[in-house]
Amino acid sequence: MWVRIQALMIKEFLALLKDKKTRTVILIPPMVQLLVFGYAATFDLNHIPFALYNEDAGPWGRHMAEAIQGSPHFDLVARISHEADMAPLIDLRKALVIVRIGQHFSRRIAHGEPADMQVLVDGRNSNTALLALNYLRTIVQQFIAQIDEPGQSVALPVKLEVRAWFNPNLESRWFFIPGIVGSLTMIVALLVTALSVAREREQGTFDQLLVTPLRPTEILIGKTVPGFLIGLLEATVIIALARWWFEIPLVGNLVSLYCGLAVFLLSGLGVGLMISSLAVTQQQGLLGVFVFMVPAILLSGFATPIANMPSPVQYLTFLNPMRYFMIVVRGIFLEDMPVDMLLWQLWPMAVIGLIALSFAGWLFRHRLY
Amino acid sequence: MSQSRPRRVHRFPSNNTWMRLRGLMRKEALQIVRDPSSIAIAFLIPVLLLLLFGYGISLDAEHVPVGLVVEQPTHLTAEFTASFFHSRYFLPISFDSMTAAEEALREHRVNAIVRLREPFGKQISAGAVAPVQVIVNGSDANTARLIIGYVEGATARWLERLVREGRTRPLPIAIEPRIWFNAEVRSRNFLVPGLVAVIMTLIGALLTALVMAREWERGTMEALMTTPVTANDILLGKIIPYFFLGTGGMVLSVVMAIGLFDVPFRGSFWVLALAGGIFLSVALGMGLLISVLAKNQFVAAQAAIIVTFLPAFLLSGFLFDIGSMPPLIQGITYIFAARYFVEILQSAFLAGTIWPLFIPNLIALLIMAGLFLGLCRFIFRKRLE
C-alpha cells in the first residue's frame, strides 16, 4: 500500500513542480504578495493632506494651526481664504480635512469663552474620515492642556491614560500581517488541490487512476501530502518574512503555531479537494475556488472584526476554517495564547478538515461522469 | 487582373468579417449555455458577494464589551459610568477587581478596561485632574483606536453634562466636525461602491481566464485555425459574449447596492455606464491575457486566483487608504485597474459627477484596456505563427 501511495505522491509532486509555469505561479507570488500587501494593508494614517482656512487674526489661531502642522500625521497642502475654495479641495481629493478657524477664535479664548473650530472631512472613506478626526481631537486636547493656566480651575477634569496591551503603539500592521499569513496559506492550499482532480477528470486520467489498485483513501493521501508539504514550506517562508522582515513579534511558541498551521492546512486542502472532486471541468473548479475563497477571507475577521457582523453572519463564520486560524495566528504572534484557548480553535478546524476530506474521498468513486 | 485571382477572395468579401464573428459568438454562446458555470460566475458571484460584504463587512463597532472597574463608587463615578451604559457603542460589564478585569481582557471576553481609581470622586470635587485608566486589547489596532475614540466620546458627553449644570467651565475649544458625502459615517456607504469594482475584477477575469487556454488544451484551437477566421475574429468572438454577460453582472451589482443597501447615488448613471463598460473591457482583457499567456487551464486558473482577488481587495483603495501606503507600494497600485474604478465609483455614488476627478481615471482605464487587448492580439498572433 505504501509503495502505491508513494508512486502517486511522486506523480503529484511532478504535476505541481515540473511545469515551469505552474512552479512559478505556486512558489513566487505568495512571498511577493506578503511583501506588497504587508505594506499596503494598514489603517494607520500618515501624511493626511489638510487645508487651512484661518480667519482669525490673533495669536491663538496661529498657534492652533502650528500645532496641527507640527503633527507627523498631517501635511498642509493649501491655505485658503475664501469659503468657495473649500469644496473643490475636498471634491478633487486634494485635501482630506479642512480646518476652519473662525474670526473670533483668539478673542474668545482670551475672554474664556468657548472658541469653535470647524472641521470638514471627506467621508467617501468613512474609516479614514473617523480616524483623521480622532487624530485631530487628540491634537486639540493637547493644545487645550497647554493653554490651561495654572491656578485657574481646570477645563478638563479628567485625563485618559490609555495603554494598549499586546501592541503598545497600536500599529495596524501587527494586526494585518498575521492575517495575510493566514490568507496566503489558504490560497496556496487551494492552488495545489482545487484543480488537481478537476483537471484529471477533464482529461480523462482520473478514470485511469480509479481502475488502478489504488483505493480512494490512498488517492486521497497521495493527493493531500504533496500539497501539505508545499503549503508547510511556503507558510514557513511567509512566517519568517513576517517575523524578520516586518519585525512582528512572535511571542507565542512555534510548536503551537505549527500545530495550528498543520490543522489549518489540512482543512484548506480538504476543502480544495472537495471542490475539485465536485467539479467536472476546470472552469467549474475555478468557480468553486472563488465561491469558497472570497467569503472565507472576508468572513474570517481578516480585515473587519467578526464582532461587527450581524449575528446570522456570525453563526455562518463558524463553518469557516480561516476564522479559527486567524485567532490562532494572531494569538500566537502577538499574545502568547495559552494552550487551552488554542485547543478550542483547533478542534473545529480539524472537524471541518476531516469532513471535507472524507467527502472528497467519497466523491472520487461516486461521481463518475 | 481580378479574374486571375483565386475564387476564394470573391467568396469572402469584407463584410463577411461580421458573418465569421457571428459564427464564433454563437459557438461561444452555446458553450456558455452548456456549461452553466459562466452564467453562475456572472450572476451568482455578484449576488453572493454583495450580500456577504454588504451585511458581513462593517467597520462600525457597536456593543463593544468593556470592563468597568470602579474602586470606590460614589455618585460622581456613577455619573461617569452612566455615559457608558447609555451608549450604543458599549456593552459595559462591571468587575470588582482589576485582576478579574485583566483576566477577562486576556481571554477576549472584554475588549477594553476603564478603571476609576479610588480618589476619583475626591479629585473631581476638589477641582483637580482625575486620571482615568484605559487599557485596550491592541491586537486589532483599528478596533482599539475606535474604542479609544468612543471612550473619549463618552467622557465628552459626561463633561457636557457637567458644563450644562454649571459645575465646570466649558472647554476652551470646541471642534465642530462636519463629514461630507457620508454624514452618518456609515462604513457600508463607502464599502459597497468599491465592492462593485472588486466583484467586477473577479468576474471579468474568471469569465475569460480559461476560454483561450481551453481551446489550446483541447486541441480545438488548431481546428479553428484551419477555418478562414482571423486572430481578431477569435479574440472578438471571445470578448463580446462575455462582455454582455459581465454587463449583466455589473447592472445587478449596482441595482443591489442602491436598492438593497440604500447607498445613495448622487452621480450620473451615464457616466457610471461609461466607466463600467471601459472597466469591464480591462477586466476581460486581463483574463484573456492570462489565458493567452498560460496556454493551459491549470496555470491560467492559478494565475487568475492570484492576480485578481487579493490585489483588488488590498491595493485598490477599496478598504485601505492608498495615500497612507509607502511610495513604492503606491506606485504598484497604479498597475491595477480596480484602483481607478474604485475612485470613480466612490465619488459617483457619494459625491456626484466630478469631471476633473473622473477624466484622468477614465483615461487611465482606457489606456489599460487598450494595452491588455493589444497585448492579447500581439501575443496570440505570435503564437499562431
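The values are calculated or read from the model by the stated rules, or taken from the named source; none is laboratory data. All of these numbers come straight from a predicted model, not from anything done at the bench. Note that we place each Cβ from the backbone using ideal geometry, even for glycine, and neighbour counts take in every protein chain shown. Keep in mind that these areas ignore ligands, DNA and RNA; they rest on the heavy atoms of the full protein, side chains included. Shrake-Rupley method; radii C 1.70, N 1.55, O 1.52, S 1.80 Å.
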Inset, instruction - Using Cα positions and a limit of under 24 Å, work out the lysines in reach of residue A:20, with same-chain residues fewer than 8 apart set aside. - result: A:11, A:223, B:295, B:382
Inset, instruction - Post the alpha-carbon centroid distance, region A:157-233 to region B:125-164, in whole angstrom. - result: 41 Å
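Under a Cβ-Cβ cut-off of 14 Å, what is the net charge of the residues other than residue A:242 that fall near it, where Lys and Arg count +1 and Asp and Glu count -1?
Working: positive: A:173, A:243, A:330; negative: A:171, A:234, A:247.
With Lys, Arg at +1 and Asp, Glu at -1, the net is 0.
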Legend entry - Heavy atoms of residue A:347 accessible to a 1.4 Å probe, total area in Å² rounded to 10: 140 Å²
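Suppose every K and R has +1 on its Cβ and every D and E has -1 on its Cβ; what is the size of the dipole of region B:24-154 about the Cα centre, in Debye to the nearest 20?
Numbers: 10 positive and 13 negative charges, 100 e Å.
Once rounded to the nearest 20, the dipole reads 480 debye.
In the P(r) worked out for region B:64-164, what percent of Cα pairs fall beyond 18 Å? Display every interim value, and only then the final one.
Details: 2233 of 5050 pairs.
Cα-Cα pairs of region B:64-164 separated by over 18 Å account for 44 percent.
Give the ranking of B:363, B:203 by solvent-accessible surface, highest area first, calculated with a 1.4 Å probe. Write down the numbers at each step before the final one.
Values: B:363 90, B:203 0 Å².
Largest accessible area first, the residues go B:363, B:203.
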Inset, instruction - Set Lys and Arg Cβ to +1 and Asp and Glu Cβ to -1, take the dipole of the protein assembly as shown about its Cα centre, and tell me which of A:224, A:315, B:23 lies farthest positive. - result: B:23
Inset, instruction - Kindly identify the protein assembly as shown as rounded, prolate or oblate by the Cα gyration tensor criterion: order the square roots of the eigenvalues as a ≥ b ≥ c, call it rounded if a/c is under 1.5, otherwise compare a/b with b/c, prolate if a/b is larger, else oblate. - result: oblate
Legend entry - Unit charges at the beta carbon, dipole of the protein assembly as shown: most positive-side option, B:58, A:238, A:331: A:238
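What percent do you get for the relative contact order of chain A when only Cα pairs under 8 Å and 6+ apart count? Intermediate results must be reported in sequence, preceding the final value.
On the way: 468 pairs, mean separation 70.2, N = 369.
It comes to 19 percent, rounded to a whole number.
Output needed for chain B: three equivalent-ellipsoid semi-axes, defined as square roots of 5 times the C-alpha gyration tensor eigenvalues, in descending order, whole Å.
Details: eigenvalues 731, 86, 53 Å².
Taking √(5λ) for each eigenvalue gives 60, 21, 16 Å, largest first.
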Inset, instruction - Quick one: divide the alpha-carbon radius of gyration of chain A by 2.2 N^0.38 Å and tell me what you get. - result: 1.34
Legend entry - Mean separation of Cα contacts under 8 Å (6+ apart) over length of region A:254-355, as relative contact order %: 44 percent
Inset, instruction - Give the accessible surface of region A:48-147 per residue, rounded to a whole number of Å², with probe radius 1.4 Å and ligands, DNA and RNA excluded. - result: 42 Å²
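Can you work out the accessible area per residue across chain B, with the rest of the protein chains kept in place, probe 1.4 Å, in square angstrom? Could the numbers behind the result be given before it?
Details: 16100 Å² over 385 residues.
For chain B, the per-residue accessible area is 42 Å².
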Legend entry - Among B:182, B:232, B:111: highest mean-square fluctuation, GNM of chain B, C-alpha pairs under 10 Å: B:111
Legend entry - Carbon and sulfur %, accessible surface of the protein assembly as shown computed with the full protein complex present, 1.4 Å: 64 percent
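Report relative contact order for chain B in percent, whole number only (criteria: Cα-Cα under 8 Å, sequence separation at least 6). Don't skip to the answer; put the middle values down first.
Numbers: 471 pairs, mean separation 73.3, N = 385.
Relative contact order, chain B: 19 percent.
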